[in-house]
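The values are calculated or read from the model by the stated rules, or taken from the named source; none is laboratory data. The shown structure was predicted, so the numbers you read here are calculated from the model rather than taken from an experiment. Counting neighbours? That spans all protein chains shown, and the Cβs are built from the backbone with ideal geometry, glycine included.
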Amino acid sequence: MKVHFTGIKGVGMTALALAYQDAGWEVQGSDTKDPQITDEALKTRGIKVFEKFTPRNIWVLKKMVWKPAIDKLIYTGAHHGAQNVEVKWAASRGVSTMNYARALGEFFADKTQICVCGVGGKTTTSAMIATILNETGQDPSWIVGTSEIASLPGSGHFGKGDWAVIESDEYVADPEFDKTPKFMYMNPKIIVCTNIRHDHPDVYQTERDTINAYLKFFAILPDDGTLLVSSQVKEIAASPTPRNDRIIVYDQDQKLQTLVQEIIQVPGEYNIKNAMAAVMVAEYIGIPRKKALEALKKYTGSKRRFEFIGVAGGVLIYDDYAHHPDEISVLLAAARQKFPDKKIRFVFQPHTFSRTKVLFDQFIESLKNVDEVILDPIFASAREAVDPEIGSETLAKKINEKGGNAVFIASRQKLVEYLIKTSKPDEVIFTVGAGNLYEIHSELKQGLGKTG
C-alpha cells in the first residue's frame, strides 16, 4: 500500500509519514523546494519528496491511460488544502483523500490516545510523555510537532503498544474547506492541556472563541477519561461542568516539582511544569513515579525548543520556536535563569500578520525586557496574505517607545552582517519565531567564527 503526503515537509505531516512507514506503508510526498527542518528526517528514512505539486507525482501510465499510483493521499491545510492540484486529481480518480487532522484521527483510531494541547508546551510535553512510555517498554506510538527529538528515533512512530501520544492542535484542519479544529478529529482517553491563550486570530477572533474550542475538545472525553491541566487552565476547564473528579491539576504537587527539578535536563520553569505533566500521565496509566522520573532523564530536548546551535567567536547561539507573546516571556525568563550574567539578544521573526496585529501590544510587553531585539520582517504563512497595515518596523519603534531596545533590519543579509559586527564574546543570541529564521545559523556561525 502506498500513501502520498501533499505538503509532507510540515512537522506534523512528516511525523505522520514516519508513523505510516513504521506501519508498513510505502511513503512518498511532495512540497515546495524551500528548505525545512524536516528535510533531514525525511532523507534519513529514505522517503521520496517531489519538490513540486503536480499530478505527475501520483500517476502512472497503464494501457495508455494515466491512473493513480497511490492508494491514499493525505494533505496539509496549507498549499490550497483540498484545492491543491494533486488532491483534486486524486479525488477525481477515486483515491481516498483526507486532510492531515482527519487522517491522524483515523490512523490512530484503534489506539488509546493521550492528546496534548495548549498554546505553548505541547511539543515538549508530548515528547516527554512519549520518551517515558518508550523507555519503560510500552512500545507507544507518537506524533510530535517537531523534526528531531534526542531521546526518540523520530518525531513520529507507530508502535505495537496500546498507547498513542498525539500533539493536538486547535488550529482548523483546512482554513478554506474544513474549519473543524484539528483536535476534534481525535478520540482521547487522556487530555493534557498546558495552557489556553488567544492565538490564531485568523480563525479565532477573540480569546473566548479559543476557550470555546478547547471546551468542546474537553467535552469529547469519555466518562472514564481524564483531563490533566495546569493551574491556569483549571478554572476554565471546570466551568461548564461539575465533573471535577476527572480533572487533575498537574503543577501543584510540590514534592513532584522538587523531584523533577533534581533530574530535568532542559532549562526553564515552564519545562519543569511540562515534565510534571508527563510524570503524572505516566503515573495515571500505571508507571511508577520512580521509573517515570528515571526515564525522563533521557529527555534532553527537541528541535527548535531552546536548542543549542553552537558557539562562535565566544557567542552562544540558541534557537527557539516561541512565536506567541507568552512563549517569548517564558523563554526570556529561562534564558535569564540559565545565563544570569550575560547579555541576551533575541533575533525575532514575527509569525503571521494576523497574530502580530491582534497581539501587537502583548508583543511589545514581552519584547521590551530583552537586552536587545533585532526584528526580521514578518513571516507570512502560506495561509494568509500580506497586510500592509502591520510590520516589524512599527513593532520595533513601539518597543523603543516603551523603553526597550529594538532595531528593525529589512534585509536578511544585512541582519546577519549586523549581528557579526555588533556581537561580543559572552553574549547569547537566540533566533526566535515559527518561521524560517533558523536558516541564518550557518552563515552566522561562520561569520562570528572569523571575528573570534
- Is it true that some residue in the stretch 44-58 is part of a strand (DSSP E or B) and either closer than 25 Å to Ala130 by Cβ or among the β-branched types (Val, Ile, Thr) (or both)? yes
- For Phe363, the lone unmet condition from (1) farther than 23 Å from Ser442 by Cβ; (2) in contact (Cβ under 8 Å) with a residue 40 or more places away in the chain is (2)
- Hits in the stretch 137-147 - residues which are surrounded by fewer than 20 Cβ atoms within 10 Å (Cβ to Cβ) and either touching a strand residue (DSSP E or B) at 6+ places or on another chain (Cβ under 7 Å) or not acidic (Asp, Glu) (or both): Gly137
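Could you tell me whether Ser96 is farther than 20 Å from Arg45 by Cβ and of a type in the set (Gly, Ala, Ser)?
Details: farther than 20 Å from Arg45 by Cβ: yes; of a type in the set (Gly, Ala, Ser): yes.
Taking the combined requirement at face value, the residue satisfies it.
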- Name the pairs: first residue in the stretch 14-41 and in the same structural domain as Leu152 (by TED's automatic domain parsing), second residue surrounded by fewer than 20 Cβ atoms within 10 Å (Cβ to Cβ) and part of a loop (DSSP other than H, G, I, E, B), Cβ to Cβ under 8 Å, at least 6 apart or on different chains? none
- Looking only at the stretch 65-79, count how many residues are touching a strand residue (DSSP E or B) at 6+ places or on another chain (Cβ under 8 Å), at pLDDT below 95 and within 17 Å of Pro175 (Cα to Cα). 2
- Message: Six or more apart or on different chains, Cβ atoms under 9 Å: show the pairs whose first residue is in the stretch 51-70 and more than 12 Å from Gln28 (Cβ to Cβ) and whose second is in a strand (DSSP E or B) and of a type in the set (D, E, K, R).
- Response: Trp59/Lys67; Val60/Lys67; Leu61/Lys67
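Yes or no, residue by residue, for (1) under 21 Å from the mean Cα position of the chain (by Cα); (2) assigned by TED's automatic domain parsing to the domain that holds Leu228; (3) over 28 Å from Asp199 (Cα atoms):
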{"position": "Tyr270", "(1), (2), (3)": "yes, yes, no"}
{"position": "Val279", "(1), (2), (3)": "yes, yes, no"}
{"position": "Ala292", "(1), (2), (3)": "no, yes, yes"}
{"position": "Leu316", "(1), (2), (3)": "no, no, yes"}
{"position": "Asp320", "(1), (2), (3)": "yes, no, no"}
{"position": "Glu327", "(1), (2), (3)": "yes, no, no"}
{"position": "Ile344", "(1), (2), (3)": "no, no, no"}
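Does Lys62 satisfy the condition of being of a type in the set (Lys, Arg) and either touching a Gly at 6+ places or on another chain (Cβ under 8 Å) or modelled with pLDDT under 95 (or both)?
Details: of a type in the set (Lys, Arg): yes; either touching a Gly at 6+ places or on another chain (Cβ under 8 Å) or modelled with pLDDT under 95 (or both): yes.
Against the criterion (of a type in the set (Lys, Arg) and either touching a Gly at 6+ places or on another chain (Cβ under 8 Å) or modelled with pLDDT under 95 (or both)), Lys62 qualifies.
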- Output the residue which, of all residues in the stretch 363-385 that are in a helix (DSSP H, G or I) and aliphatic (A, V, I, L, M), is surrounded by the fewest Cβ atoms within 10 Å (Cβ to Cβ). Ile364
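Answer yes or no: is there a residue in the stretch 175-187 that is under 15 Å from the mean Cα position of the chain (by Cα) and surrounded by fewer than 21 Cβ atoms within 10 Å (Cβ to Cβ). Reasoning before the result, please.
Here is the first cut: in the stretch 175-187, the residues under 15 Å from the mean Cα position of the chain (by Cα) are 182-183.
Restricting the remaining residues to those that are surrounded by fewer than 21 Cβ atoms within 10 Å (Cβ to Cβ) gives none.
Scanning the stretch 175-187 turns up no residue that is under 15 Å from the mean Cα position of the chain (by Cα) and surrounded by fewer than 21 Cβ atoms within 10 Å (Cβ to Cβ).
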- Item | Out of Ala213, Ala219, sole residue that is assigned by TED's automatic domain parsing to the domain that holds Asp251 and under 19 Å from the mean Cα position of the chain (by Cα) | Ala213
- Item | Leading residue by the ranking (surrounded by the fewest Cβ atoms within 10 Å (Cβ to Cβ)) among those in the stretch 1-58 that are of a type in the set (Phe, Trp, Tyr) and within 15 Å of Ala90 (Cβ to Cβ) | Phe50
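Val281: buried (at least 18 other Cβ atoms within 10 Å of the Cβ), of a type outside the set (D, E, K, R) and assigned to a loop (DSSP other than H, G, I, E, B), yes or no? Give the steps one after another, and end with the answer.
Numbers: buried (at least 18 other Cβ atoms within 10 Å of the Cβ): yes; of a type outside the set (D, E, K, R): yes; assigned to a loop (DSSP other than H, G, I, E, B): no.
Here the answer is no, as Val281 does not meet what is asked.
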- Note on the structure: Flagged in the stretch 179-212 as at pLDDT below 95, in contact with a helix residue (DSSP H, G or I) (Cβ under 9 Å, 6 or more places away or on another chain) and not polar (S, T, N, Q), in numbering order, are Ile196, Arg197, His198, Asp199, His200, Pro201, Asp202, Val203, Tyr204, Ile211
- Check off (1) crowded, with 20+ Cβ neighbours inside 10 Å; (2) within 30 Å of Gly137 (Cβ to Cβ); (3) among the small types (Gly, Ala, Ser) for Ala312 and give me the number that stays unchecked. (2)
- Among (1) within 18 Å of Ala15 (Cα to Cα); (2) part of a strand (DSSP E or B), Leu152 falls short only on (2)
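May I ask you to list the residues in the stretch 284-304 that are assigned to a helix (DSSP H, G or I) and touching a strand residue (DSSP E or B) at 6+ places or on another chain (Cβ under 8 Å)? Walk me through it before giving the result.
Pass one, the stretch 284-304, residues assigned to a helix (DSSP H, G or I): 284, 289-296.
Matches in the stretch 284-304: Tyr284 only.
Just to check your reading of the model, which residue among Ala103, Ala82, Ala91, Ala127 is part of a helix (DSSP H, G or I), without any contact (Cβ under 8 Å) to a residue 60 or more places away in the chain and either touching a strand residue (DSSP E or B) at 6+ places or on another chain (Cβ under 8 Å) or of a type in the set (A, V, I, L, M, F, W, C) (or both)?
Details: Ala103 fails: without any contact (Cβ under 8 Å) to a residue 60 or more places away in the chain; Ala82 fails: without any contact (Cβ under 8 Å) to a residue 60 or more places away in the chain; Ala127 fails: without any contact (Cβ under 8 Å) to a residue 60 or more places away in the chain.
Selected residue: Ala91, the only one of Ala103, Ala82, Ala91, Ala127 that is part of a helix (DSSP H, G or I), without any contact (Cβ under 8 Å) to a residue 60 or more places away in the chain and either touching a strand residue (DSSP E or B) at 6+ places or on another chain (Cβ under 8 Å) or of a type in the set (A, V, I, L, M, F, W, C) (or both).
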- Message: The conditions are (1) without any contact (Cβ under 8 Å) to a residue 24 or more places away in the chain; (2) more than 15 Å from Lys2 (Cα to Cα), and Lys48 fails exactly one of them. Which is it?
- Response: (2)
